[in-house]
1. Residue farthest toward the positive end of the dipole of segment B:129-183, with Cβ of Lys/Arg at +1 and Asp/Glu at -1: which of B:ASN145, B:VAL167, B:ILE135?
2. Checking the cross-link filter: which aspartates and glutamates have an alpha carbon closer than 18 Å to that of B:LYS87, excluding same-chain neighbours under 8 positions apart?
3. May I ask for the net charge around B:GLY142, where only other residues with Cβ less than 13 Å from the Cβ of B:GLY142 are counted and Lys, Arg are +1 while Asp, Glu are -1?
4. Calculate the mean, over all residues of peptide B:121-128, of how many other protein chain Cβ atoms lie within 10 angstrom of the residue's Cβ.
5. What does the charge count near A:VAL50 come to, summing +1 for each Lys or Arg and -1 for each Asp or Glu among other residues with Cβ under 10 Å from its Cβ?
6. With +1 assigned to the C-beta of every Lys and Arg and -1 to the C-beta of every Asp and Glu, and no other charges, what is the dipole magnitude of the protein assembly as shown about the Cα centre in debye, to the nearest 20?
7. If you take the charge dipole of chain B about its Cα centre, with +1 on Lys and Arg Cβ and -1 on Asp and Glu Cβ, which of B:ALA35, B:THR124, B:PHE102 is farthest toward its positive end?
8. How many nm separate the modelled label positions at B:ARG79 and B:ASN56, each set 7 Å beyond the Cα in the direction of the Cβ?
Amino acid sequence: MKIILNNRHETFEHDRLTINQLLEIKKFTFKMLVVKVNGELVRRHEFDQVSVKDGDDVMVLHLVTGG
Amino acid sequence: MSFARAMEIGNYLKKFTVGIAGCGGLGSNCAVALARAGVGKLVIADYDIVTVHNLNRQYYFHDQIGRLKVHALQENIGRINPETVVKAFDLKLCTSDVVDLFSRCDVIVEAFDKAEMKYMIIETVLDKMPGKPLIVGDGMAGWGNTAQIGCRKSDNLIVCGDEHSEVNEDCPVLAPRVGIVAHMQANEVLDILLRDFVPGSE
């Protein structure tokens, strides 16, 4: 499948990936992540249920302390 | 001529309200920039008091140590632009406060310190106030690396910062980088508020 991840085109061998699988492949191991798929927020407890498929627009935002 | 245009923009901005969640390095500097531009009303919230350690980057003065940040900031803004109305809330924001305080704001600025709080307000705004512009500051500790600081948008969520530099004992937050991000946030606020501004029509 081809998706847009953080505004960049990316290709994966899988037809579908759960959010947790995607985060693992991309090595997004940070604690505080905001994930949006096609503009919709995916809550942390849904990371194993919600999947990403061909054509999806995915945002993964790493929140860091400081301000 | 440019002075006249700045006046016109200031006049136009009077009708808007901006919510600022947190009055530390991001919030205090962002609020001052928006007051200088002429934004009519600021809704600010923080529970903390000014300490000597805040003065390396936050918009407070030495003689304000010990005072509530929201009251000190209200006073400082009053000295810069008395026409900006500042509604100050001394509280540690939770989900219901975010909705109560900011649902009538035109734009919300996230200016918290802790990543958990940043997550809370992002989740709350996307969930309870869909369509409301939220401008987040994310990643600005340390110094240098100016070009790594950027801004990206996903619908109504706007993220300013390098999305990477976390504060720790060896990497404090310092005035220049947090000031850059705070002013980027203020700049994004103006970009939204001035969307329908037509020069010469005021």
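1. Among B:ASN145, B:VAL167, B:ILE135, the one farthest towards the positive end of the dipole of segment B:129-183 is B:ILE135.
2. The qualifying aspartates and glutamates are B:ASP46, B:ASP48, B:GLU75, B:ASP97, B:ASP100, B:ASP106, B:GLU110.
3. -2
4. Mean shielding by partner chains, rounded to a whole number: 2.
5. -2
6. So the magnitude is around 500 debye.
7. The residue sitting farthest along the positive end of the dipole is B:ALA35.
8. 2.3
The values are calculated or read from the model by the stated rules, or taken from the named source; none is laboratory data. Given the structure is predicted, the values throughout are model-derived calculations rather than measurements. Note that we place each Cβ from the backbone using ideal geometry, even for glycine, and neighbour counts take in every protein chain shown. SASA here: full protein model, heavy atoms, side chains in, ligands and nucleic acids out. Shrake-Rupley method; radii C 1.70, N 1.55, O 1.52, S 1.80 Å.
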